[in-house]
Structures are given as C-alpha cells and as structure tokens.
Amino acid sequence: MSESRRQGMSNCGLPRFLVGCEDGDSRELEDSDMRNIFGPYGDEEDDEDQSERQIVVGICSMTKKSKSKPMTEIMERLCKFEYITVVIFPEEVILNESVEKWPLVDCLISFHSKGFPLDKAVSYTKLRNPLLINDLNMQYFIQDRREVYRILQEEGIDLPRYAVLNRNPDRPEECNLVESEDHVEVNGEVFHKPFVEKPVSAEDHNVYIYYPTSAGGGSQRLFRKIGSRSSVYSPESTLRKTGSYIYEEFMPTDGTDVKVYTVGPDYAHAEARKSPALDGKVERDSEGKEIRYPVMLTAMEKLVARKVCLAFKQTVCGFDLLRANGHSFVCDVNGFSFVKNSMKYYDDCAKVLGNMVMRELAPQFHIPWSIPMEAEDIPIVPTTSGTMMELRCVIAVIRHGDRTPKQKMKMEVRNALFFDLFEKYGGYKNGKLKLKTPKQLQEVLDIARQLLAELVQHNDCEIEEKKSKLEQLKTVLEMYGHFSGINRKVQLTYLPNGQPKASSEEEDSLKEGPSLLLVLKWGGELTPAGRVQAEELGRAFRCMYPGGQGDYAGFPGCGLLRLHSTYRHDLKIYASDEGRVQMTAAAFAKGLLALEGELTPILVQMVKSANMNGLLDSDSDSLTDCQQRVKARLHEIMQKNRDFSEEDNQKLAPTCSPSLVNSMGVISNPVRTCDKVHTLIQSLTCQICKRLEDPKSADLQLYHSETLELMLQRWSKLERDFRMKNGRYDISKIPDIYDCVKYDTQHNSSLGLEDTLELFHLSRALADIIIPQEYGITKAEKLDIASAYCLPLVKKIQLDLQRTHEDEAVNKLHPLYSRGVMSPGRHVRTRLYFTSESHVHSLLSIFRYGGLLDEQIDEQWKQAMDYLSAVTELNYMTQIVIMLYEDNNKDPSSEERFHVELHFSPGVKGCKDEDNAPLGFGFRPASSENHEKQTDQGSLEDLSQDEPDRAAPSEPISIQRKSPLIRNRKAGSMEVLSESNASRGSAYRLFPSSSRQSPEIKPSGLGFEGCSMVPSIYPLETLHNSLSLKQVDEFLTAVCKNGSETQFERLKSLSAMFDSHAQPSVDVESQEIPVQLSQPPVRPLWYSSDPPSTVSSAGPSSPSVVEPSSNFGFNCE
C-alpha cells in the first residue's frame, strides 16, 4: 500500500484496531507485535507488489473474548510469522456497523458468545468468503445440547446413555415423564438415581444431579462458577417441572473431569480439574485461578478429539470427557475455547494456527513458504558402531529422592483387641496387614489409649504390652493432630509361635502361643530438596530421547516433548505405595513433561500405584529364611571385639568388593568402632540438650520445620536402642544412625554441632558393610534375596521389552495424523518405576550376579563390574535404565534387529564424596572396534556450555532453582548424526560428568547454584551398550524360572504356617510366588512386523491378574 494512500486513510477518521491487554485496558498495537490495518472497507483491490502481500487474519468476537489473556498471548505469537498480520474487530463495529463496513480479511477467527451477532458474522463470511478457522453455521448446533448429542452419536463417539424430554405442546409424544422415588422414566427410558438433568440450551449451566435415598437423597445443583463455588447441595429431590431437559446416566469419575482443547484435528491438550459435582468448592491456586493440570490422553481419546474437531468443523474446540468404568465419554462440546495459563499451549496453538493459515493461503498469494519438517520428528540415533537405529523403549527403575529420617518401633502384642483388629481387616488372609488410612490409625490409637488407661487403673492387670512401647505408639499417632498415610503407618504380622527369639528391642522372656508383631513407622517424608532433585532429574531425563536440536517452546529436551505432543509417546509411571516414592514420581513427571502446578494433582493423574503382587512394594519386616540367616551371620561377625582377620574378610566380603574391603579397613575392630559411634551419639544428644536450655534456641527452626525437641527425640531413641541392655550392639540400628547423621550433616549443619563429621564417616563405613550385605553376602544369597524382592518387577521389565515390538495396543499416530510428521508410525514406549532402596539393590544384584554376561570374556562388562564394585552407596535418585533400539535395516527375524543398552547412576552425590567418587566410562561410550576411529568426546552438548559440535566432560549434573538448565538454542539437545558422520564421533554423554579422559576437570562444590541444600546427581554411566534383545530376554527368563522355583518352596512353608488357624487360607495371588506367563509367541521375541495402521486403545493402565491359572500376571502396560 502506498504511503500517500495510508496517510489518506488515516485522515479519514477510520477506526484503529486494538488488542486487549492483560489488565483489561485497551492499547494500540505496536508495529513490533501486531501490524495495524486501517482498511480497506470496500471492494477495492490493493495493487501493491505481491511480494509484500500480507495474509490478514481477523479476530471477530466480543471484546471480553478478543482482549482475553489467552487470545492476546496467542495472537502476539501468531504475528511473529513473517507474512501474517492480525486484525481485531472492535466490538462497536461488530454490533453497530453493517458487514460491508467490516474490515477485509483473508482468514477469520470468529465465534459465538453471549451478545455476539452470529447472524451478522455468517453474512460477512458469505460476502467476503475468508478462510474460516471455526465454521460459523455449526455454532448454531453447539448452542443446543440435543444437536450436540445427535452429532456425537452419528460420529460413533461414546456418550452417556441419555433421553430427551421436550416440553413442546405441539409434540406431546416427546414429553412422557414418570417420576419415582429412586428413578425416573423418560419416554420409556428408565434412569436410576444418581442421574443428571441438563437444560437443552448449552447456554444454561444449571445442571442438577439427583441422588438416591440410600445415599441421603437430595440433589447437587451445578452452575457457572461464582467466586469459589460451582455447585451447592440441596435437600430437594423433585425434578424441575418447566423447560426441556436431557436426562442421562451419572458417570462415576472419581472426582475429576477432563477438558480437552483441540487446535486442528492433529493436536489436543487435555487438563483435569476437580469435578464441580464433588462438593462445589472451586480449588484455586495462589493466584486465584482454578486448579487444572495436564493429563495424558489415551489413543482412543486422541481419536475422539480428532472426530469432535472434524464433526463440528471447529479447529479450535473445547469439549468435556468423563473417564468412568474404563471408558471415556464425551458429555459436552463447548466450541471455541482456549487453555488458560499454559505458555507451552500458547506456543503450540500459535504454531499450529500459523502453519495452517500459511499452508492454505500462501500459494494463493504467491508467498514462498513450505511446511517445516522439524528434525525432532524422528527418534533415531547413531549406535556406537555407526549405524542408525530407532529408539523404541526406555525403562527406568529409580529410587526416591531425599527424605527425612525414617523411624521405626517394634513391639510384640498379644492382647485380643489387636487380634480383633487384625481379623477385621483381613490379616489372616496372608498373615500380614498394613494400616494407613486415618480410620485404621485411629482404631490403633484407641486401642493404645484403652490399654494405657487400664494399666493406670489396674497395675496388676494382664496386659502384656510394655507400657513404654504403648506410650510411644500413642505419642507418635497423636503427632501433628491429624492422620496422614504418607508419614505414618502400622504393620501387623502374624507369628504363630510368638517371636522366634529376642529381637534387638524386645528382650523379655519368650512366651508361648501366637502373637502379632506390630511395627510402627513414621518420618521418611520427601523433603523440598528431594522434590528439586526429582524434578530436575526429570527435566534432564528428556535428553535420553534423541531427535531434535534447539528449544521446543523454550524447553530443552525437545525430542521427548515433540514425541509427546504428537501422540507418539506411550508413557506410564508406576510408584510403590510409600508417600515419598509417589511424590518423587510426581516431581519427576513434572520435570519430564514440562508440567506446571503442584505435585498432588500430577500424582493423582500421572502416577499409578503398583501395589500389586509386590511389583514395587516389599515388606522389609517379613524376612525370608535366607535374609534371617544373613542377618544372623552379620550380627555374629560384627560383635567380635578384635580386628578383622583374613577369615572375617572371606566371611564378610567373599565377592572381594573394593568398597566393602575399604570400609572394613576403616573400621578395623567393629566393637571398638561401635563404642566410638555410641560415644559420639551421647555427645551429640548432650549438645542438643544444652542448646535446648539456651533461651536463644527456644524458637530455633531446623530444616523442614523440625524442632530441636524432635531432633533430640530422634537421637535419644538411637542412643537407647543401639546399645542393648546386655552391652552388645544392635547392628540393625546402624543404617538408621547413618540416615540421621547424613540428614543433619546436609540439612542442619548450621547448628555447628561438634564431632558430626567423625560420626558421619564412622557410621558410613559401618553402613557400607551392613546395608549391601543385608541383601546377601555370597552371590547365591544375593540372588535368592533379590528374587524375593523384585521377581515381579523383573517379569514386568521382560514384558515391557517384549511388548514394545508387538503389534498390540501402543501409542501410534493414526495414518491421517501424518501431516507435518515425517514418521507417523514411530512410537516410543516409556515405563518408569519408582521404588525404595531394597528393589534397587535387588535388581542390581540380579544384573550383576545372575549371569547376564561373562566378565572374563566381555571386557566392557568387566569394566562395568569393577565400577559397580567401587560404588559404596545406592543413594537417593539411583537409576537403572534399559534402552531398546531397533535397526529397521535388519531382517525382522534377525537377532541383530533389536539392540539393548544398560545404564546406571548411583544417584545423589554424598556429603563428602569429592575425593573417592568411582569413575565410570561415560554415557554410551564408543565400542571397542570403533574406539580408534573416534575423534569427538560426544554428540550431546554440555548442558552448562554453548560450545557446538562437541561435549566437554564436566562435573555431575547441577540443579539450579531459578534456571535449572541453560536454555540457549542447543541446550539439552542430542544431535542426529547422519550415516556418513556417525562413525566419526559416536560417544554420548547424557549429563556432564567426570571421566578418566579429563582428570583435570574437577567437580564443583556440593549443591546447586542458589540451592545449597540440594546435592548434585551422578551422571548415568553405561554398563553395556551392545546387548541383543534375545540375550536379555533369555537372561530374564532364566532369572524368573530360578526365582520361581525358590519361591515355590517358600510358599509351601508359608501355607503350612496357617494350617492350624481358624482362617487357614492363603491368598496365593498376593504372595510373591511363582511367576507364570502366558505362552510366548511362536515367532522369535526379536521379530518385528510392520505397525498397524489404526490407533488402538491402550487398555487398562495398571497391572492385573490375567489368568486364573496364573499366580502372577500383568496386562503388559
């Protein structure tokens, strides 16, 4: 447009188009963000140079919508497209001007809301014929729920069973209503309470839910949010007598609704919110916004999103999903709707809309533009031998993050009240009972209070429980003034003949007859430092997924996020039932998927509890025979008041592990070392007592809101329990002592208590012997105990690897999803298992001692075993990672088709580990035959530097609070090497790490920038990177077979234990017993066929028993 013409238009007084600001005021658009368009208002064509032609996108809606924050955020991003200009239609023009005077646009975003003249908008589109983002005629249908349900049914989309009651005098046959006390009959269709009553007008949000009399009757009345409420309960149970309604079956959704937002048929963002039907209170965050949180859509739900978008011809479209009874039902379609408060969504939405506009209109205006094919679309990486393979599966077993010290008290109980409680909750079913709910804990507290009251009234009464133990039980259960299963629990175990011998805490004379072992546990909560560790590790873990350079929506690790946003990432996260483990999993998921908000809603939606068949949980207080023998031997060796002899070395460290041998050298005489530890604990408690007497310390708050009194209780209990009445030491307390001093050294060092470092070093030396050797001293014992802990997990890992290359339910793109995606058939399966120390020790023992490889023959495996032997502790956030790759160039039946890599990290760096950290060989090092060709140190850029083309090894991953990872263009990305240069440099470093090749680079000091309480995490080290799937599968099969035989013998002895009891049956499926699998496929396990062309449902998402004949099974999810 000429300058003179532009000036002339400005002088004619034509309106300037405005965009809404965040605070609700209008502002004129600057040239730097949105280009102002001053016309033309007529049919005159602009004869300016076509090379400067801009595509004009118009926003035609009510001011409240066009000035909203989401619209502003998205339009500002849309304007960054070089050839796109955005125009906002002023509301006064929309309402008062004829459509002939509305601005000329090439593309129109227009949608109905209260007061919007939809008829005029339709007339405008007929006049100007712009490209429509959302069809306007279909918006008439969206305003009528009857039409919405009709269209959904025609498209074959699941929706709740419903009937329409039309109160129309001209059609009396559609108004047959019979109301009864607990059901209603609408035109012959019966709906039992609870059922839902919806007005047929979608603009009427007064939806009622009627409850049955058995639940108290009445109704919940939903309405558009007013302040902090979205519904109220009413005792009224009578149906409304005027107006037309849809009656539908109530769907039990466990208190959450899912809102889905599409941007075209190939993109859908889903959020869950607290259901307004639950209690009507709107959950809001610190900024006053309703709490919503991103959720994963199943493959079928993604297909539903596509169908809704296309059926209603609404590119930008919101609709509601109800997840109930294993299915998903659409219950409402809202039309044009944006996600609120999600920067990632704003980026994605603008990107999709911009590409859509350019794709449709650029050719028409001769604008040079092509669909960007982004590099991160294909999850393909070079192998160490220089060939390209596709990442198919990532399996990780991860220990929880930093926690408060765990505390435990054991007591043998014989009172009938405890036996009654044990029977009430089904304890005799398998001899064990875990009590965690507030109701259950309250019952235990009531028993303790009752027994203590009887002791006060009758000192000679026959209450065998020790008074001090009952008082401690009562005190702990009364802590905090309320119950929470996350920080306290009670376990009861049936002992048919009482305690087999005096325990370290119970030294009373043995009594005959059955008893219950009561174990009270408290503490062990995930700390703020633990949350930071997990979230940052999740963020760094994205780099495990190759396939892209640069940032995706401002985040590093774009390969994973790209896979995830295009429906090709099949992710499931499992966690044990421990609160600290579940919160670790939620924090990790938050970092991994770039989620926003608090951990609790993420936990509810993203983390699955795997407390079935011992998958990730274990009862550490119910020891196997082998473990009892091992602990007895440890106790015997550690009670000798003399220096360790060569014979002791052979007994205690037959595997000759360097970490064990070094610790034995530090200890020398175990009894004298325990004497010293006990003396240091006494000194510590004295110092704390003096601090308590100091008035200046009265209000002193320690880490995580602990007080000096609680700290003193911790140490005083350890002082009492460590040295028993007979003068001997209870070595089972050594891990607890190390746990406490490690916690205080890291988090409470500001107290300046003397001798804590000496106590730390001595207790760590003792713990480095006791903790790993409790899981077996000899190789055979380690395997026996490991199979007892994690045989179900091993079987699940095997199924994960097998399932990856089968044709069953996996997350793949529908073939129609392929636009803009170079490889719609690709998918990556991720299974993350969060658990406690016992499972990590056990799984590592299986890989080390189960016979996977012969270290005498395989040099890489020998180096890996040497590295693992030097690791002293499997600390918080320890990771065992298995990665499966597929070489599509190999024959489907070839053993070389699938390639497995095994990686490991010992987790968080210890307090004083600078000088004695074991050195590994890096992440994905070059194979021996390719090593000499290698010229680069790696292909993954250092997360702390912006140096292209090579990665300099550095210190362990550093976590920062404000800016966790450097967010330059290349941060966190993994280069995709071509075939030609793959052999030149093929070593990978996932995280910056120390290595033998760069001894001059020293690790940085403890902690992260701006977060001194959070220690760094060791980088992943590759144990082996050239395994075949066949090798791994045969190894896991052998492990499961041997473990099953061992556990079968154990099961027989368990069954015999209950033969004499009134309820002798043992629930076989709840024991850790022989693992029976479905028959393996006829074709080889490493065989792969072409992917199916349809999207199938992912099915149920938690492990389940699949065959009556099987003692254990999974659904392969």
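The values are calculated or read from the model by the stated rules, or taken from the named source; none is laboratory data. Note that this is a predicted model, so its numbers are computed, not measured. Here the Cβ positions follow ideal geometry from the backbone for every residue, glycine too, while neighbour counts run over all protein chains shown. Ligands, DNA and RNA are stripped out before the accessible areas are found, and what is left, the full protein with its side chains, is counted by its heavy atoms. Shrake-Rupley method; radii C 1.70, N 1.55, O 1.52, S 1.80 Å.
Return the only residue of Arg714, Arg728 being closer than 27 Å to Lys469 by Cα, modelled with pLDDT of 90 or more and crowded, with 18+ Cβ neighbours inside 10 Å.
One residue alone meets the criteria, Arg714.
Given the options Asp285, Asp279, Asp266, Asp254, name the one that is buried (at least 20 other Cβ atoms within 10 Å of the Cβ), at pLDDT below 90 and not polar (S, T, N, Q).
Being buried (at least 20 other Cβ atoms within 10 Å of the Cβ), at pLDDT below 90 and not polar (S, T, N, Q) holds for just one of Asp285, Asp279, Asp266, Asp254, which is Asp266.
Might you let me know whether the stretch 132-147 holds any residue that is closer than 30 Å to Ser328 by Cβ and hydroxyl-bearing (Ser, Thr, Tyr)?
yes
Six or more apart or on different chains, Cβ atoms under 7 Å: show the pairs whose first residue is in the stretch 64-88 and under 11 Å from Lys351 (Cα atoms) and whose second is of a type in the set (Val, Ile, Thr) and at pLDDT 90 or above.
Met75/Ile59; Met75/Val86; Leu78/Val57; Leu78/Ile84; Leu78/Val86; Cys79/Val86
Quick one: how many residues across the stretch 690-711 are open to solvent by less than 30 Å² (accessible area, probe 1.4 Å) and not hydrophobic (A, V, I, L, M, F, W, C)?
Residues in the stretch 690-711 being open to solvent by less than 30 Å² (accessible area, probe 1.4 Å) and not hydrophobic (A, V, I, L, M, F, W, C): 2 in total.
Kindly provide the set of residues from the stretch 160-176 that are farther than 20 Å from Met251 by Cβ, open to solvent by less than 50 Å² (accessible area, probe 1.4 Å) and outside any loop (DSSP other than H, G, I, E, B), ordered by number.
Glu174
Against the condition open to solvent by less than 30 Å² (accessible area, probe 1.4 Å), touching a helix residue (DSSP H, G or I) at 6+ places or on another chain (Cβ under 7 Å) and modelled with pLDDT under 80, how does Gly559 come out, does it pass?
Yes.
Could you say whether any residue in the stretch 84-97 is modelled with pLDDT under 95 and under 30 Å from Leu303 (Cα atoms)?
Taking every residue of the stretch 84-97 in turn, none turns out to be modelled with pLDDT under 95 and under 30 Å from Leu303 (Cα atoms).
Under 9 Å between Cβ atoms, at least 6 apart or on separate chains: pull out the pairs that start in the stretch 396-414 with a residue that is farther than 11 Å from Thr878 by Cβ and touching a residue at least 60 places away in the same chain (Cβ under 8 Å) and end on any residue that is among the polar types (S, T, N, Q) and assigned to a strand (DSSP E or B).
Final answer for the pair search is Glu412/Ser515; Val413/Ser515; Arg414/Ser515.
Within the stretch 836-875, take every residue that is β-branched (Val, Ile, Thr) and at pLDDT 95 or above and give me the one that is surrounded by the fewest Cβ atoms within 10 Å (Cβ to Cβ).
Applying the filter and picking the extreme gives Ile846.
If I filter the stretch 421-428 for residues that are at pLDDT 90 or above, outside any helix (DSSP H, G or I), touching a strand residue (DSSP E or B) at 6+ places or on another chain (Cβ under 6 Å) and surrounded by 15 or more Cβ atoms within 10 Å (Cβ to Cβ), do I get at least one hit?
Looking through the stretch 421-428, at least one residue is at pLDDT 90 or above, outside any helix (DSSP H, G or I), touching a strand residue (DSSP E or B) at 6+ places or on another chain (Cβ under 6 Å) and surrounded by 15 or more Cβ atoms within 10 Å (Cβ to Cβ).
Does Asp643 meet the test of being modelled with pLDDT of 90 or more, open to solvent by 30 Å² or more (accessible area, probe 1.4 Å), out of contact with any strand residue (DSSP E or B) (no Cβ under 6 Å at 6 or more places or on another chain) and under 30 Å from Glu412 (Cα atoms)?
no
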